[in-house]
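Report on the structure given below.
Nothing in this text is a laboratory measurement; each read-out follows from the coordinates by a stated rule. Small disclaimer: the values here were computed from a predicted structure and weren't measured. Every residue, glycine among them, receives a Cβ derived from its backbone with ideal geometry; neighbour counts consider all protein chains shown.
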Amino acid sequence: MRVIHVIPSAFEYFDDIRSRAFKLLDGLHKLGVETEAFTLQYGTPNKAEKSSIKQASPSIHNFIGSFDINSAIENFSDFDIVHLHCPFFGAAGKILRWKKLHPDTPLVLTYYRDVRIVDLMSFFIKLYNGYYLPKFFKLADAVDQFKADDRSLESIAADTILVYNSFWSQKT
């Protein structure tokens with residue numbers, strides 16, 4: 001099964017989410033899930049971001065970086081599942097339109113936390129998510145809330161595979 005992960009990376013607001021998401025991908029990779037990932041951001045990842053991703057997830061070989069969201073969406077149909085990590089900033093309308101045009105491709109959401117308001121930009125990101133996240137929650141095939149509890153990432157990855165397999169078994 002092939003899964004594409006859309007991971008937030010708007011400035012420094014989502015560093016913790018990006019780190020957890022790539023650790024989850026590392027766990028999924030170790031359990032045999034074919035994953036690719038890209039980040040939603042406004043430019044090419046810098047060396048510090050690439051290093052951070054490499055440290056968080058050394059076995060991820062398929063981080064495809066950041067590029068035009070239109071190009072990414074064109075490739076969504078090449079995957080069995082689209083997995084969006086939330087909250088995020090950018091491309092929501094385009095991803096929603098894609099999902100409506102491709103209802104048979106499962107959309108899985110992992111919600112990590114609310115947007116923390118630390119400055120004016122984060123306030124706008126919070127408003128953006130306040131508008132778009134309810135639409136995603138209604139349209140998604142599965143929604144999971146990431147909890148920073150005592151479970152290992154391997155356990156969380158195993159639970160995520162159960163969600164993926166429920167869609168995979170419906171297709172085959």
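Of note:
- Residues Tyr13, Tyr131, ranked from the fewest to the most other C-beta atoms within 10 Å, line up as Tyr131, Tyr13.
- Distance in nm between pseudo-label sites at Leu101 and Lys47 (7 Å out along the Cβ direction from Cα): 3.9 nm
- Label positions at Leu120 and Arg2, each projected 7 Å from the Cα along the C-beta direction, are separated by 4.4 nm.
- With 27 Å as the limit, the listed pairs Lys47/Lys100; Lys30/Lys138; Lys30/Lys126; Lys47/Lys147; Lys100/Lys126 have Lys47/Lys100; Lys30/Lys138; Lys30/Lys126; Lys47/Lys147 beyond it between alpha carbons.
- Rounded FRET efficiency, nearest 0.05, which uses the C-beta distance separating Ala142 from Ser19 and R0 of 22 Å: 0.45
- Model label sites at Tyr131 and Asp78, defined 7 Å from Cα along the beta-carbon direction, differ in position by 3.1 nm.
- The residues Asp141, Asp104, when put in order of fewest to most other Cβ atoms within 10 Å, stand as Asp104, Asp141.
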